[in-house]
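Working notes, beginning with the structure itself.
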Amino acid sequence: MRDTSKRYQPVTGRAILYGVLMIVAAYYLLPLILMILTSVRSMEDIRMGQLIAWPESFSLEAWRQAWSEVQIGARSETGLKPYFINSIKIVIPAVAISTILGALNGYVLSFFKFRGSDFFFAALLLGCFVPFQAILLPQSQLLGWLNLGGTIPGLVLTHVAYGVSFTTLFFRNYYVNLPHELVKAAKLDGAGFWTIFFRIILPISTPILVVTVIWQFTQIWNDFLFGVVFSDPSSQPVTVGLNNMVNSTTGETRYNVDMAGAIIAALPTIIVYVVAGKYFVRGLTAGSVKG
Amino acid sequence: MSVTSKKGLDYWLPKLVLSPTVAIAIIFIYGFIIWTSVISLTDSTILPRYDFVGFEQYVKLFQNPRWLSSLWNLVVFGTLFIGVCMVVGLVLAILLDQQIRAEGALRTVYLYPMALSFIVTGTVWKWLLNPTVGIERFIHNLGWESFQFDWIVNPDMAIYTVVIAGVWQSSGFVMAIFLAGLRGIDTSIIKAAQLDGASLFSVYSRIIIPSMRPVFFSAFIMLAHLAIKSFDLIVALTGGGPGNATDVPAIFMYQFSFQRGRLGIGAASAVIMLMTILAILIPYLYSELRKPKDA
Amino acid sequence: MAELNIKNVNKSFGTTDVLKGINLDIQDGEFIILVGPSGCGKSTLLNCIAGLEDVTSGDIMIGDDNVTYAAPKDRDIAMVFQSYALYPNMNVRKNIAFGLEIRKMPKDEIAAEVERVAKLLQIENLLDRKPSQLSGGQRQRVAMGRALARRPKTYLFDEPLSNLDAKLRVEMRTEMKKLHQRLGTTIVYVTHDQIEAMTLADRIAVMKDGIVQQFGTPQQVYDDPANIFVAGFMGSPSMNFLECSVVKTADGFGVQIESQGKTFELAADPAQADLSAYEGKNVVLGIRPEQITHVMPHVESQPFVTRVPVKIEVTEPTGADTLVLTHINGQECECRVHPTEAGNPGEQMDLLFNMSKAVFFDAQTENRI
């Protein structure tokens, strides 16, 4: 008796464990699955059918609507497409500039320390924590003075300014763990500042480069606050477009179009997550554990 | 060789390379915080004006019932959001730490919402929580006609829907932090405890969890930070409503500054938000910096 | 010429003085070892010589050039690091060639130089590997190769063998010595391992607390230590230090020791120290374990040798000898005896104290008398 209970008890324990984990997984996955299913259903099907139901018919009409046809606000161009393109135009330069700055800063702050450089690094970290509400007003003033208010370059500048704290943190924390002798050896070999950076340090920075690019990409793509405050209709990113689309449609809410739009807005970051999830998680934890 | 030869380009280059970021820090971070603080002491309305009125805007702010209710909402939301995320994250991390077969896949599933924009999360949950099309109707159609789940349109309950969506998005992230913390623990400690006859439960409750205090701390900081800044999620989910039922300081600040043209009071609310974050952060940083530094 | 002269070099980090008035005159072709406990400033001194750290004051001369403020690359120095610091993104060939490329050496000359060095260090078969594919010993060789390729006037080594296992370390030590004999260039070598120091060096600089305690040949440092620190640092097992009082003996001075309640007088060799000023006072007797042996007639008949019965407390066989631990004057004392002569713990044993190489230190200043 005792023997059998001992043998089977862990097995039932494992079964419960896996059961719980699967149920939790369902909680996280269900909204995404429902989004996808709803986006390919017709409105009639949605009205008549169940929330959780296999689509009666399969149609990409809602996707087409969300992408290029739905009227968002009073814009002449329709659909999320122009917003999506704006997001791309913002993300690429902002990620590139902030990552390059972060790599150079991390390099200097790790290998070319000077009086006050450690203090500066500590001071810069406030940029990782400052609630953006505390800088919104002056930033909109400044963008106005620079004639960048409501423009894509203005948003790029904003994202660079408030992203560089994170990128510097990432690179610096990666570089301080490299052996300092590498740079010393290169100096003795006669290499200068740029040669050491481009021929020794940058080639071994791939992991942190990926982490930083993914982090910045996700942060900037998903940004809403800067997008809603510092843009005008011609420069709004896709998050603002989606929010306007969902909240401004008159008449019946077309959930299939809303969900298609939500997926479109989420797709780039989801793809990054699926392709490079390991680096994404590393960025999250690195961003949370401050050095 | 002359004494000055070393103070050439090689000496200045690192400083030169760092200088754009120094400028960013001085202008965009510190300068702007000061600027916002200055505006909060003026009677600015649509445009910044520099007529100082002392702390009048702060007095007005704390006499404003909307501000007070937004603060209270933040307390309710923040406490539940942080608490539930921590519990869910810790439990998931411990469950995943039991040599689970499909750990990688499950981890990916738990964490993916973190890759989404809060706007997307808000849009989805707004639909799911909508009683006429979402979960409530689904349960009704299953035959339970009296089932009620209308929190999102109920002013007393709407703030909890923000918690639901927020936890959905962020708890996987807390799981990831805790899991990393669990994996960082020296396994020989656990083996030693098991040799001492400790059960799995007491190994976790008496040895592992207490030794993860720093991990709890940094998870708390991250979540508190997210809660205080939360803006997008509420805008997309409830728009601050119904009424002002889910108003939080971030929305208050945005509306007063950019929609109602009351910069002074908006700036004052931003300063209060900053102070709140600093009040949480400074003790944390202080304890971090007191640790021995790495090389 | 590559004489290396370090003149009154001081180095401070903030308020901490790491180097205090270092003076070293190093001849061309000398193998110099800087040795001392961790934190004594030896690595900082090496970095200062390399130009990787600025000195706070003082001068560093290489040959006739004052290089105190010269950039590392202008000092014609190569350095081998403890961690080897191989460029992880480059294969061995590139690692060796890097410094030559930077110095714009023509491609064919670089190739020839890499071949030469690879042959010298027997790493020809490793040239296309990445550092991560090499064993510790191979990495060490590549690091040496990188230094050799530039044919500098001076080599600096920062604990180059400390990451190797014991057997490999001994092998590389021998090779290092051969290499120096072949190259004949000046080498400054930092280690905390006093055996490495003894075996490799032409001269040793023993450092502590940012000060050179003694600078001399290995034998000088071993036989004629300047103070208790140097005496205790060099030699393994360490020298015994016994505090004892000075007494007048029949033909000079000696020290009084006590073993098992009985006192003995050990006559001091006047050639080693003049103890006249210390009569009646306490001094520290420094005597190496090999100077306290079992009874051998040919030794016992020598002057300044005294037979003392002791109680054996612990024995540690090392193979060639057995170390016997006892208490003299209430202080631990290790003695080196032949394995067949060593008794068992708890037993009584007669030992010969040979004072002809014993040294004496002032009990207060810890300096040599």
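Does region A:169-176 contain any residue that is under 25 Å from C:Q82 (Cβ atoms), within 10 Å of another protein chain (Cβ to nearest Cβ) and over 23 Å from the mean Cα position of the chain (by Cα)? The answer is yes; a qualifying residue exists.
Annotation: B:L182 fulfils all but one of (1) outside any loop (DSSP other than H, G, I, E, B); (2) farther than 24 Å from A:V240 by Cα; (3) touching a Gly at 6+ places or on another chain (Cβ under 8 Å); the unmet one is (3).
Looking across region A:222-238 at every residue that is in a helix (DSSP H, G or I) and surrounded by 24 or more Cβ atoms within 10 Å (Cβ to Cβ), the one that is nearest to the other protein chains (Cβ to nearest Cβ) is identified as A:N222. Here A:A186 meets each of (1) crowded, with 18+ Cβ neighbours inside 10 Å; (2) more than 14 Å from chain C (Cβ to nearest Cβ); (3) more than 30 Å from A:L136 (Cα to Cα) with one exception, condition (2).
Hey, can you tell me all the residues within region C:278-333 that are assigned to a strand (DSSP E or B) and either on the phi > 0 side of the Ramachandran plot or in contact with a Pro (Cβ under 8 Å, 6 or more places away or on another chain) (or both)? Correct list: C:G286, C:V314, C:T315, C:P317, C:T322, C:L323.
If a residue has to be part of a loop (DSSP other than H, G, I, E, B) and surrounded by fewer than 21 Cβ atoms within 10 Å (Cβ to Cβ) to count, how many in region C:237-247 make the cut?
The first filter runs over region C:237-247 and keeps only residues part of a loop (DSSP other than H, G, I, E, B), leaving C:237-239.
Cutting the leftovers down to surrounded by fewer than 21 Cβ atoms within 10 Å (Cβ to Cβ) gives us C:237-238.
Matching residues across region C:237-247 total 2.
Restricting the search to region C:77-97, which residues are facing chain A (nearest Cβ under 10 Å) and assigned to a loop (DSSP other than H, G, I, E, B)? C:F81, C:Q82, C:S83, C:Y84, C:A85, C:L86, C:Y87, C:P88, C:N89, C:M90, listed by residue number. Does C:Y69 satisfy the condition of being free of Cβ contacts under 8 Å to residues at least 24 places away in the same chain and touching a helix residue (DSSP H, G or I) at 6+ places or on another chain (Cβ under 8 Å)? Criteria met by C:Y69.
Taking (1) more than 19 Å from the chain's Cα centre (by Cα); (2) on the phi > 0 side of the Ramachandran plot; (3) small (G, A, S) in turn, C:G145 satisfies each apart from (2).
Set side by side, the residues C:A273, C:A250, C:A231, C:A268 differ, and just one is of a type in the set (A, V, I, L, M, F, W, C) and either farther than 30 Å from C:I312 by Cβ or surrounded by fewer than 17 Cβ atoms within 10 Å (Cβ to Cβ) (or both), which is C:A250. Considering each residue of region C:15-24 in turn, at least one proves to be assigned by TED's automatic domain parsing to the domain that holds C:V221, closer than 20 Å to C:P152 by Cβ and surrounded by 14 or more Cβ atoms within 10 Å (Cβ to Cβ).
If you check A:A94, A:A66, A:A53, A:A122, which single one turns out to be in contact with a Leu (Cβ under 9 Å, 6 or more places away or on another chain), in a loop (DSSP other than H, G, I, E, B) and not acidic (D, E)?
Details: A:A94 fails: in a loop (DSSP other than H, G, I, E, B); A:A66 fails: in a loop (DSSP other than H, G, I, E, B); A:A122 fails: in a loop (DSSP other than H, G, I, E, B).
A:A53 is the lone residue from the list that is in contact with a Leu (Cβ under 9 Å, 6 or more places away or on another chain), in a loop (DSSP other than H, G, I, E, B) and not acidic (D, E).
Annotation note: Cβ proximity below 6 Å between a residue of region A:172-186 that is more than 13 Å from A:F197 (Cα to Cα) and a residue that is part of a helix (DSSP H, G or I) and of a type outside the set (S, T, N, Q) (sequence gap 6+ or interchain) occurs for A:R172/A:G106; A:R172/A:L109; A:Y174/A:I208.
Whether any residue in region B:44-61 is within 7 Å of another protein chain (Cβ to nearest Cβ), surrounded by 14 or more Cβ atoms within 10 Å (Cβ to Cβ) and within 30 Å of A:G116 (Cα to Cα) is what I want to check. The answer is no, given that none of the residues of region B:44-61 is within 7 Å of another protein chain (Cβ to nearest Cβ), surrounded by 14 or more Cβ atoms within 10 Å (Cβ to Cβ) and within 30 Å of A:G116 (Cα to Cα).
The requirement of being part of a helix (DSSP H, G or I), more than 10 Å from chain A (Cβ to nearest Cβ) and closer than 21 Å to B:I100 by Cα is fulfilled nowhere in region B:210-232; no residue meets it. Show the residue pairs that are 6+ apart or on different chains and have beta-carbon atoms under 7 Å apart, the first residue being within region A:9-20 and among the hydrophobic types (A, V, I, L, M, F, W, C), the second being modelled with pLDDT of 85 or more and part of a helix (DSSP H, G or I). Listed by first residue and then by second, the contacts come to A:L17/B:L95; A:V20/B:L95.
With B:S202, B:S211, B:S171, B:S218 as the choices, which residue is at pLDDT 85 or above and farther than 24 Å from A:F226 by Cα?
Values: B:S202 fails: at pLDDT 85 or above; B:S211 fails: at pLDDT 85 or above; B:S218 fails: at pLDDT 85 or above.
That would be B:S171, the only listed residue that is at pLDDT 85 or above and farther than 24 Å from A:F226 by Cα.
Selection of region C:300-334 for residues being surrounded by 14 or more Cβ atoms within 10 Å (Cβ to Cβ) and within 14 Å of C:L266 (Cβ to Cβ) yields C:E300, C:F304, C:V305, C:T306, C:V308, C:V310, C:I328, C:N329, C:C333.
Within the group A:G241, A:G287, A:G291, A:G277, which residue is modelled with pLDDT of 85 or more and at the interface with chain B (Cβ under 10 Å from one of its Cβ atoms)? Before the answer, list the steps.
Working: A:G287 fails: modelled with pLDDT of 85 or more; A:G291 fails: modelled with pLDDT of 85 or more; A:G277 fails: modelled with pLDDT of 85 or more.
None of the other options fit; the residue is A:G241.
Filter region C:55-67 for residues that are more than 8 Å from every other protein chain (Cβ to nearest Cβ) and in a loop (DSSP other than H, G, I, E, B) and give the result. Passing the criteria: C:V55, C:T56, C:G63, C:D64.
Which of the residues that make up region C:334-358 are assigned to a loop (DSSP other than H, G, I, E, B), under 30 Å from the mean Cα position of the chain (by Cα) and within 26 Å of C:Q256 (Cβ to Cβ)? Step through it out loud before you land on a result.
Residues of region C:334-358 assigned to a loop (DSSP other than H, G, I, E, B): C:338-347, C:358.
From the residues that got through so far, the ones that are under 30 Å from the mean Cα position of the chain (by Cα) too are C:338-339, C:358.
Result: C:A358, single match.
For region B:143-169, the candidate set comprises residues that are without any contact (Cβ under 8 Å) to a residue 60 or more places away in the chain and farther than 23 Å from B:V87 by Cβ; within that set, the residue that is farthest from the other protein chains (Cβ to nearest Cβ) is B:S146. Of the residues B:I39, B:I82, B:I119, B:I29, the single one that is within 13 Å of chain A (Cβ to nearest Cβ), surrounded by 18 or more Cβ atoms within 10 Å (Cβ to Cβ) and in contact with a Phe, Trp or Tyr (Cβ under 7 Å, 6 or more places away or on another chain) is B:I119.
For region B:170-180, give me each residue that is touching a residue at least 60 places away in the same chain (Cβ under 8 Å) and either farther than 26 Å from B:V91 by Cα or facing chain A (nearest Cβ under 10 Å) (or both).
Going through region B:170-180, the residues touching a residue at least 60 places away in the same chain (Cβ under 8 Å) turn out to be B:170-179.
Selection gives B:S171, B:G172, B:F173, B:V174, B:M175, B:A176, B:I177, B:L179.
Regarding C:A70, is this residue within 14 Å of chain A (Cβ to nearest Cβ), assigned to a loop (DSSP other than H, G, I, E, B) and of a type in the set (G, A, S)? Yes: the conditions hold for C:A70.
Going residue by residue through region B:1-14, is there one that turns out to be touching a strand residue (DSSP E or B) at 6+ places or on another chain (Cβ under 9 Å) and free of Cβ contacts under 8 Å to residues at least 40 places away in the same chain?
Initial filter on region B:1-14 (touching a strand residue (DSSP E or B) at 6+ places or on another chain (Cβ under 9 Å)): B:1.
Narrowing further to those that are free of Cβ contacts under 8 Å to residues at least 40 places away in the same chain: B:1.
Yes, region B:1-14 contains at least one residue that is touching a strand residue (DSSP E or B) at 6+ places or on another chain (Cβ under 9 Å) and free of Cβ contacts under 8 Å to residues at least 40 places away in the same chain.
Which of the residues belonging to region C:67-109 are of a type in the set (F, W, Y), surrounded by 21 or more Cβ atoms within 10 Å (Cβ to Cβ) and within 32 Å of the chain's Cα centre (by Cα)?
Across region C:67-109, the qualifying residues are C:F81, C:Y84, C:Y87.
Screening region B:77-142 for helices (runs of 4 or more DSSP H) wholly inside it with 3 or more residues that are in contact (Cβ under 8 Å) with a residue 12 or more places away in the chain and within 22 Å of the chain's Cα centre (by Cα) returns the ranges B:103-111, B:118-129.
The values are calculated or read from the model by the stated rules, or taken from the named source; none is laboratory data. Quick caveat: nothing in here was measured; it's all calculated off a predicted structure. Here Cβ is always computed from backbone atoms with ideal geometry, including for glycine, and neighbour counts include all displayed protein chains.
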